[in-house]
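Q: Quick one: this structure, given as structure tokens, is what I'll be asking you about.
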Amino acid sequence: MRKILFHLKAGTLGQTTLRWLRYRVWTRDVGDSRRPYRLHIWCRDFLNRARFGKDAPQFAELIYVNPQECLVSNKAFRCGQVDSAKVIDRWPYQEGDLVSSSAVEDLPIASAVVGILQSCIQHWREGAPWTQTWNYQRIAAEITAHGMFWTNQLFSLEELDERCRNLDALFQAVKDEKMFPLRATTERTLFRQEDSTIIHVGPKGELVVAGLGLHRFSMALILGVAKYPAQIGCVHRNALHVLPGLRKGE
């Protein structure tokens, strides 16, 4: 009910309902785990295989990337979770739109991707409290104004603070173990590498950080994890040949 009231107040109920129908209506829960009975998943996997062969990208497929070699941009590219493994012909980024993830601190904050990455660097590398970071202040303002932050399902500042403590605990665990567990092993309701960081692959093999799992990506970037498990985003037709290497982390 709180979700419905939130979207009624924000005027986004219709848009959110359509997104839910598009993404969830073909999901069937079996026992305590989600089975991939989503029609769009199987359609994309089948069509990709028919068009591009056995090495075609699959929905939410696991790939390994080096965060230091990834690129970020303030330019919006509206391809999210439901567009995973979509093969595209038109690359939305120009030559000057992308910068190395290690230089993200030099960018002005004009997108959530850049803002979240900078907030994590300020907190975990520079020691700033979460409350002084851009992302915390953005979420806190949304909760204060609307009583909820939709993306992370947070309904109070106390829940926001608890989420920050959980992120700090995960950061310490990754620091100790120098590796990330696969999403399907920690969240049994997830399919493949679903809900992890989306990485788009450009025509020259560029790896662009797009969204989801940005805190985990920041941890890997800060701690120097060289083999980070992510999920495939959109793939340019000219970059299909790089997928076998990404699957192996090479």
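This table checks each residue for (1) at pLDDT 85 or above; (2) in contact with a Pro (Cβ under 9 Å, 6 or more places away or on another chain); (3) not aliphatic (A, V, I, L, M); (4) not in a loop (DSSP other than H, G, I, E, B).
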| site | (1), (2), (3), (4) |
| --- | --- |
| 58 | yes, no, yes, no |
| 74 | no, yes, yes, no |
| 79 | no, yes, yes, no |
| 92 | yes, no, yes, no |
| 104 | yes, no, no, yes |
| 108 | yes, no, yes, no |
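Q: Could you list, in sequence order, all residues of region 120-144 that are surrounded by 15 or more Cβ atoms within 10 Å (Cβ to Cβ) and among the basic types (Lys, Arg)?
A: 138
Q: When you scan region 157-169, how many residues do you find that are surrounded by 13 or more Cβ atoms within 10 Å (Cβ to Cβ) and either polar (S, T, N, Q) or touching a Lys or Arg at 6+ places or on another chain (Cβ under 7 Å) (or both)?
A: 0
Q: If we only count helices (runs of 4 or more DSSP H) wholly inside region 141-250, which ones have 3 or more residues that are among the small types (Gly, Ala, Ser) and modelled with pLDDT under 90? Quick ask: steps written out before the conclusion?
A: On the way: elements: 157-177, 183-186, 214-223, 243-248.
Correct list: empty, since no element meets the threshold.
Q: Still on this model: Test residue 203 against the stated conditions and say whether it is more than 14 Å from the chain's Cα centre (by Cα), surrounded by 13 or more Cβ atoms within 10 Å (Cβ to Cβ) and in contact (Cβ under 8 Å) with a residue 60 or more places away in the chain.
A: yes
Q: When you scan region 124-140, do you find a residue that is of a type in the set (Val, Ile, Thr) and part of a helix (DSSP H, G or I), even just one?
A: Among the residues of region 124-140, at least one is of a type in the set (Val, Ile, Thr) and part of a helix (DSSP H, G or I), which makes the answer yes.
Q: Taking residue 172 as meeting all but one of (1) under 17 Å from residue 219 (Cα atoms); (2) surrounded by 13 or more Cβ atoms within 10 Å (Cβ to Cβ), write down the number of the exception.
A: Among (1) under 17 Å from residue 219 (Cα atoms); (2) surrounded by 13 or more Cβ atoms within 10 Å (Cβ to Cβ), the lone unmet condition for residue 172 is (2).
Q: Sticking with this one: Which residue out of 96, 147 is in contact (Cβ under 8 Å) with a residue 12 or more places away in the chain and either out of contact with any Asp or Glu (no Cβ under 7 Å at 6 or more places or on another chain) or surrounded by fewer than 16 Cβ atoms within 10 Å (Cβ to Cβ) (or both)?
A: 147
Q: Just the residues that are surrounded by 15 or more Cβ atoms within 10 Å (Cβ to Cβ) and in a loop (DSSP other than H, G, I, E, B), please, taken from region 81-90.
A: 84, 85, 86
Q: Return yes when residue 64 is in contact (Cβ under 8 Å) with a residue 12 or more places away in the chain and part of a loop (DSSP other than H, G, I, E, B) and no when it is not.
A: Details: in contact (Cβ under 8 Å) with a residue 12 or more places away in the chain: yes; part of a loop (DSSP other than H, G, I, E, B): no.
Considered against the rule, which asks whether it is in contact (Cβ under 8 Å) with a residue 12 or more places away in the chain and part of a loop (DSSP other than H, G, I, E, B), residue 64 comes out as no.
Q: Select from region 104-146 the residues that are acidic (Asp, Glu) and closer than 26 Å to residue 208 by Cα and list them in ascending order.
A: Correct list: 105, 106, 126.
Q: In addition: Which one is modelled with the highest pLDDT, of the residues in region 25-56 that are part of a loop (DSSP other than H, G, I, E, B) and under 19 Å from residue 200 (Cα atoms)?
A: So the residue we want is 56.
The values are calculated or read from the model by the stated rules, or taken from the named source; none is laboratory data. Predicted model only: the values in this text are computed from it and were never measured. Cβ coordinates were reconstructed from backbone atoms using ideal geometry, including for glycine residues, and neighbour counts include every protein chain displayed.
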